[in-house]
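Structure record follows, encoded as structure tokens.
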Amino acid sequence: MYETNRIYYLDVLKFISIFGVIFIHLCGFSGHSEILHFRITYFSEIFRFAVPVFLMITGTLLLNREISISDFLKKRFSRIVYPYLFWIIITIITFLYVSGALIQDYPFVIVNQFFNASWNWYFWMILGVYLCIPIINEFVLNKKLDGCKYIVILMIFASIFYTVCTFLGYKTFFELRFFVLPISYVVLGYFLANYEFKISKNKIIFISLVLFLIVTLLKLSFHDSTIFFANENIFLDSGLDINFLEIIQASSIFLIFKNLNYRFLDKDAIKRFVTSISRASYGMYLAHMAILIPLYQIFKSLSLTGTQTLLSVIFFSIAIYFVTWILVLFADKILKLHKFSGYH
């Protein structure tokens, strides 16, 4: 039976966002391949909301609660650290098998190639977010939505301000970048989940959909411009895009699914499937890297047209989506590795 205590639209958002993460990484395999003079890697912009949405869900679920700092950190750290260690070992074994190497051939492989690998950034980022949540939570408990609105306004203003400064090549000492951080998305998620807009749900969906399409098209059109990428400008040296277009894109998709009527998905089997993917999403994120290593070798050896490359990216994204879900379920249900599977 479907767990009635769950917030269904959050499960749907995680269901979509974890596919987005996989698709983004597969787009990276396309290199310089083009379709109609448009680089396939640019299509990743369609799903750039994925990680911000995960952060927004974190805020929705964890803020405005009475928590014990020690209990909170103990519970949250165990939920992300144990699965990370488990799946990174699997990934290392995969790497050694594919490369035909032995562990003694790479004495520092764990530290240099895996624990500090670029695709691990999300783990370290969410670890830092959890350290901050008890502090932010106290602020939200005291200031409620008005306090969240203040942070969200500063987040948007700072994002626009630094984007304009970057575009103009202007250096400023007016420091607001601490409002343009992953924790800001956490507050944004709680705010949007609890703020009551004075217009109908249908209007919210329509406006959000229009904004999402406009912003996504803008990001696709200006993909080469460095002002839109956090790791290429003065925002942050991280994998998270912190810019006003990203804020709009993530907020729009969040509000669309918050306000949708799910009668067309009101089947117990569908709900259980969506929920299962949602619960497995963290494990799927960790597990899919082990699959990408051998898959990258396959991609490198293929000579594909642009159309074939795009179709391959879509096909393998769907395949990895389901394979990793099955792997996480297998680890959790069959192997009984509840603490390590990443299924929560």
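Okay, residues lined up against (1) among the aromatic types (Phe, Trp, Tyr); (2) modelled with pLDDT of 95 or more:
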residue: PHE244; (1), (2): yes, no
residue: ARG263; (1), (2): no, no
residue: ARG272; (1), (2): no, no
residue: MET289; (1), (2): no, no
residue: LEU292; (1), (2): no, no
residue: LEU304; (1), (2): no, no
residue: LEU310; (1), (2): no, no
residue: PHE322; (1), (2): yes, yes
residue: TRP325; (1), (2): yes, yes
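Kindly list, by first and then second residue, each pair from a residue in the stretch 184-195 that is farther than 12 Å from ILE153 by Cα to a residue that is basic (Lys, Arg) and outside any loop (DSSP other than H, G, I, E, B), limited to pairs with Cβ atoms under 8 Å and residues at least 6 apart or on different chains.
LEU192/LYS258; ALA193/LYS258; TYR195/LYS149
Looking at PRO52, is it over 21 Å from VAL328 (Cβ atoms), touching a helix residue (DSSP H, G or I) at 6+ places or on another chain (Cβ under 8 Å) and open to solvent by less than 10 Å² (accessible area, probe 1.4 Å)?
Yes, satisfied.
Here are some conditions: (1) under 19 Å from LEU63 (Cα atoms); (2) surrounded by 19 or more Cβ atoms within 10 Å (Cβ to Cβ). TYR162 meets all but one. Which one does it not meet?
(1)
Counting only residues that are of a type in the set (S, T, N, Q) and at pLDDT 80 or above, which one in the stretch 165-188 is surrounded by the most Cβ atoms within 10 Å (Cβ to Cβ)?
Among those that are of a type in the set (S, T, N, Q) and at pLDDT 80 or above, it is SER184.
Based on what the data block shows, is GLU66 farther than 28 Å from LEU337 by Cβ, outside any helix (DSSP H, G or I) and either at pLDDT below 95 or open to solvent by 50 Å² or more (accessible area, probe 1.4 Å) (or both)?
yes
If you check every pair at least six apart or on different chains, which have Cβ atoms under 8 Å apart with a residue in the stretch 31-60 that is at pLDDT below 95 first and a residue that is charged (D, E, K, R) and open to solvent by 30 Å² or more (accessible area, probe 1.4 Å) second?
HIS32/ARG39; SER33/ARG39; ILE40/GLU34
Would you mind finding the one in ALA287, ALA269, ALA331, ALA280 that is of a type in the set (A, V, I, L, M), more than 20 Å from GLY31 (Cα to Cα), over 21 Å from the mean Cα position of the chain (by Cα) and buried (at least 18 other Cβ atoms within 10 Å of the Cβ)?
Just one listed residue meets the conditions, ALA331.
The values are calculated or read from the model by the stated rules, or taken from the named source; none is laboratory data. Everything numeric here is computed off the predicted structure, so don't read it as measured data. Virtual Cβ from ideal backbone geometry, glycine too; neighbours counted across all protein chains shown. The protein model used for the area step is the full one, side chains on, heavy atoms only, and it has no ligands, DNA or RNA in it. Shrake-Rupley method; radii C 1.70, N 1.55, O 1.52, S 1.80 Å.
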